[in-house]
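Values quoted throughout were computed directly from the atomic coordinates according to the rules given, and no laboratory measurement underlies them. Only a predicted model underlies this, so the values are computations on that prediction, with no experimental measurement involved. All Cβ positions, glycine included, derive from the backbone under ideal geometry; neighbour counts span all protein chains shown.
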Amino acid sequence: MGKLGLVCLAVAFAFAGCGKHHGGGDDDVDGGGGIEGLQKIVVTPADQTLTVDGTTPATASYTAMGEFLDGHVADITSLVGFELGDGSLGNFTGATLTTVKDHGGHANVVASAGAISGSTSLTLLMRTTLNDPGSTGLPADPGGIFTAGPPDQNRAPQLVYPNDNVVVPPNLGKLEFHFKPGSSNTLFELSFASSVLDVKVYLRCTTPLNGGCIYLPDPVLYGWIANSSRGTEKVTWSLRATDDAGTGVGRSAQMHVGFALADVSGGIYYWTTTTESIMRYDFAGTDAAATKLIDASFNGNCIGCHALSRDGTKLVAEVNGQNDGRTALIDIATLTAKNGALGSTPKTMFESWNPDGSQYVAVYGDNGATNYDLMLINGNDGTLAGTIPVGGTATNPTDHPDWSADGQRIAFVRVGIKGTMQRMNNGGIFTVAQSGATWTAPTPLVPAENLKNHYYPAFAPDGRLLVYDESTCTSGNNSGDECNADTNPTATLFAIDSVAGGSPVALANANAGGVLDGANTALTNSFPKWNPFIAPATAAGGHIAWITFSSKRAYGLRSGTPDNGTLLWMAAVDLDAPAGTDPSSVAFALPFQDYATSNHIAQWTTKVVPIQ
């Protein structure tokens, strides 16, 4: 028997339990790989690209060649186990890979024998061309028309929304693409491209609005794009445009959209002006739009300025707006008041819950106020449980509390010039920390500043980064209405390390308007609140969280809504960003809200509690 035959026989004995196995002792000479003498595995074909089109999976057979200590090489394909580094892209049967058919991606093909493994890269390319089912009368070969005519930049369409370099959750679902069609164009080719995507959609302007067109990918197409791009490179999207005769072809500029690695979960609760209701939406659910939770029919009162317990079981909200202070403490499952009659004592205006929902911290400085510090309220009956003295007075009351997710700190505003709790001026931001059964003296974090107002502090879920609003008193008066913390034109989001302090950093990306905002910076970026979860940034590491806020910026072509279009926006924030740098990404409009109203105060819970 030749040398190769002896090696193969040794291999057979090793797998049958008669030879040396990896982990069998210090005298093993098999390299710890489970195959006697094996020291390296080479997988072929190397670095290949497979293509899927949404209908048919791709298949490929792999070979594993073993390199042994004595220098010889043998085919060990039948003796190793194959697996795909990213199991979402497919699976192996023996040495044959069958991919998924509905998204692309990158992965390693790994062949292993005990502790010895070898790998090669695989690119799964999602390549397909399709006609938009909502576009009627498309030519038989729309792609061919774009090759018929010469380039004509007078026909170039303009991309409008989403804004360039936005990052969205993969489960956002309804991500609209807005564009202006260009001159005399009737036929469009929308492209989505990356190293794992080559998707083209032919369409008409099926949803014209304000001189442009809105295209909403169906759930299948959206899934192809989002799932191919989770936590990896951004997708380039662009348009070509022509008429049905292909007279000339205009090409747009390019924009880019990224998709986070992980889905967003949790419930979001916000107040809307049209019906004066609190609406809610479950990111882990399947509803396309938000649903009404509570409106003015709740005991005949207008419910607003709400705060939810982290687990979503309780809500506290004001029942008659400013200068009143009455609150309703509501059990979400039954939609009943836990504090009986709504004239609870003490009066409160803004609230924030501790992690377990046993207490909330509240403030009040309007008519009838007697306690201007931080009040700790029993989360089960709305009674006063204690006070944290922070130096609040009738002239300079305490406002806008926020309790950190770890329960150890509370941020708040010390009002510089009193108006009402909703409309106040010249605020500075302070924090207190829990020390055993007591709380520390307040520490200034963002001091009051001439012709500025600092307000609405909000701890990120890591308990370290804190985001807040800053308004500028452009009138030159510290008590100006334009800087009174109530939907101010210059309201701008800033971030600061709430532990180390330092210089605040403007969230320039999240603050920025879109294409149709032009030079307008009066965007009212107000009332930031955080999704409660920390998520992985990419498969390679890092952490992000999501922040929501209200803004009057243009939602692409959907402008001119009532109340100047104050809508809810959301942005990714890099929790590992270097100090002194902008950690935010470009913002996007939340697609489940009613665009024909005005929406505010997006509060988050870890889950949505069903109503009994």
List the aspartates and glutamates whose alpha-carbon lies under 12 Å from that of LYS174, not counting same-chain residues fewer than 8 positions away? ASP218, ASP287
Between segment 120-164 and segment 510-551, how far is it from one alpha carbon centroid to the other, in angstrom? 30 Å
Along Cα→Cβ, 7 Å out, is where each label goes; now give me the distance between the ones at ASN380 and LEU451 in nm to one decimal. 5.3 nm
Per-bin percent of Cα-Cα distances, segment 132-259 [5 Å]: 2, 11, 22, 24, 20, 13, 7, 1, 0
Surpassing 29 Å at the alpha-carbon level, of the pairs LYS292/LYS338; LYS40/LYS234; LYS234/LYS452, are LYS40/LYS234; LYS234/LYS452
In range of the label at ALA500: residues from segment 577-612 whose backbone nitrogen is under 11 Å from the point 7 Å along Cα→Cβ: 577-581
Could I get the Rg over Rh figure for segment 366-477? Both from C-alpha atoms, Rh via Kirkwood, rounded to two places. 0.97
By how many degrees, 0 to 90 and rounded to 10, does the Cα axis of helix 219-228 deviate from the longest principal axis of the chain? 70 degrees
Starting from the Cα of LYS234, step 7 Å along the direction of its Cβ; do the same at ALA394; then give the gap between the two resulting points in nm. 5.5 nm
Given the convex hull of the Cα atoms of the chain, what is a quarter of its surface area in nm²? 35.8 nm²
With the crude spin-label approximation of a point 7 Å out along Cα→Cβ, what separation in nm comes out for THR129 versus ARG423? 6.0 nm
The chain - mean residue ellipticity at 222 nm from DSSP helices (-39,500 (n - 2.57) per run, n ≥ 4, rounded to 500): -1500 deg cm²/dmol
Give me the net charge of SER471's neighbourhood, meaning all other residues with Cβ under 12 Å from the Cβ of SER471; Lys, Arg count +1, Asp, Glu -1. -4
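Working from the pairwise distances between different alpha carbons, so that the mean of 1/r is found and then inverted, what is segment 231-389's Kirkwood radius in Å?
Values: mean 1/r = 0.0537 Å⁻¹.
Kirkwood hydrodynamic radius for segment 231-389: 18.6 Å.
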Quick check: the angle from helix 3-16's long axis to the longest principal axis of the chain, C-alpha only, nearest 10 degrees? 40 degrees
Cut-off 15 Å, label 7 Å out along Cα→Cβ of SER475, residues of segment 435-456 by amide N: 451-453
Cβ neighbours within 10 Å, averaged per peptide: list 552-559, 77-84 in order, most packed at the top. 552-559, 77-84
